[in-house]
Amino acid sequence: MSERYGVLFVCLGNICRSPLAKGVFMHAAEREGVIDRLRIDSCGTGAWHAGGPADPRTISVALRHGICFDHVARQIRPADLENFDLLIPMDAKNHRDVLAMGAPPERVRLMRAFDESIGVKPPPDVPDPYLGEGDGFEDVYQMIDRACRGLMKHVLEHAPG
Ligand code: 4NP
């Protein structure tokens, strides 16, 4: 484990939800002046898009909210389970898959568990927008943005420095 507090966002394809979460959270960390205390990354449980860019709709919604990021998709690897302090799956299936790989359960927290406006457990999914219609990407952005506020509080309490 490095000195920096490691946060890994996990979805299925690593082209929609988790790259957006990484972009939103990095933006928030820069604004808070804590980016140097953190190591933030994203990955997918699947390998279909590995080596490729983010979905164009992900890039568009991020830009609409003033967030610009580079991205090369990658699949989760066993070392990730050791190398990050917090593994954050976007939905219940990603959550099950990460645990099935052997991730320590105490380091795995669903994304929307950090949304303080949600009072139910387990929290709902950040739904996969890939095949959805309408403005699924904007909805996903709003869910991620709300969760990132709670996540920032958590990280500021736990990150060294
Ligand atoms: P993501 O969305 O998990 O949020 O990146 C998906 C992207 C691609 C696929 C599934 C989900 N796919 O099946 O190709």
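What follows is calculated from the coordinates using simple rules that are stated; it is not laboratory data. Fair warning: this is a prediction, and the values are worked out from it, not measured in the lab. No Cβ is skipped: glycine too gets one built from the backbone with ideal geometry, and neighbour counts run over all protein chains shown.
For the stretch 5-158, the normalised intensity computed at q = 0.14, 0.15, 0.16, 0.21 Å⁻¹ comes to -0.61, -0.71, -0.81, -1.52 (log10 of I(q)/I(0), Debye sum over alpha carbons, equal scatterers, no solvent).
Listed by Cβ neighbour count within 10 Å, with the fewest neighbours leading, ILE67, ILE76 appear as ILE67, ILE76. For the peptides 97-108, 135-146, residues were scored by their other Cβ atoms within 10 Å and the scores averaged per peptide; the highest-first order is 135-146, 97-108.
Nothing charged except the Cβ atoms of Lys and Arg (+1) and of Asp and Glu (-1): what's the magnitude of the dipole of the stretch 3-161 about its Cα centre? Round to the nearest 20 debye.
160 debye
Here the relative contact order of the chain, from alpha carbon pairs under 8 Å that lie six or more residues apart, stands at 29 percent. Helix content alone sets the calculated 222 nm mean residue ellipticity of the chain: runs of n ≥ 4 DSSP H residues at -39500 (n - 2.57) each, divided across all residues, give -12000 deg cm²/dmol. In plain terms, the residue of SER60, SER42, SER117, SER18 with the fewest other Cβ atoms within 10 Å comes first and the most crowded comes last, giving SER117, SER60, SER42, SER18.
The aspartates and glutamates within cross-link reach of LYS121, meaning a Cα-to-Cα straight distance under 14 Å and a gap of 8 or more places when in the same chain, are ASP91. Residue-wise HN-Hα couplings along the stretch 36-46, as the Karplus relation 6.51 cos²θ - 1.76 cosθ + 1.60 with θ = phi - 60° gives them from phi, are 6, 8, 10, 10, 10, 8, 9, 7, x, 6, x Hz; Gly and Pro carry x. Amide H contacts under 5 Å for ILE40: VAL7, restricted to partners 5 or more places along the chain or on a different chain, H placed in the peptide plane at 1.01 Å from N.
The string of couplings for the stretch 148-161 from the Karplus curve (6.51, -1.76, 1.60, θ = phi - 60°) is 5, 5, x, 4, 4, 4, 4, 5, 5, 7, 10, 6, x, x Hz, one whole number per residue in order, with x for Gly and Pro.
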